[in-house]
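Following: one structure in structure tokens, then a few remarks.
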């Protein structure tokens, strides 16, 4: 709702006490590596995230919760 400066130099973020339900919406992953130099971009053959190593059932459940 608003941001307030405190006397001690910190900042308070004031939120509403009312919660609003929001339906999850699938999004494409942000591929920030596109902006890296060629030497620093990830290997196209490997997935360093470890997601490929998750058991399929666990991946499915995490995906349903929009966690992966």
Query raised in the report: Hey, with R₀ at 30 Å, roughly what FRET efficiency would residue 62 and residue 19 work out to, going by the Cβ-Cβ distance, to 0.05?
Result: 0.80
Requested in this report: Could you sort 7-18, 50-61 so that the peptide with the highest average Cβ count within 10 Å comes first and the rest follow in order?
Outcome: 50-61, 7-18
Query raised in the report: Which FRET efficiency, nearest 0.05, do residue 2 and residue 49 yield, Cβ-Cβ r, R0 30 Å?
Result: 0.20
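Bear in mind that the values in this text are calculations on the coordinates, not laboratory data. Owing to the predicted nature of the structure, the values given are computational and were not obtained by experimental measurement. Backbone-built Cβ (ideal geometry, glycine too); neighbour counts: all protein chains shown.
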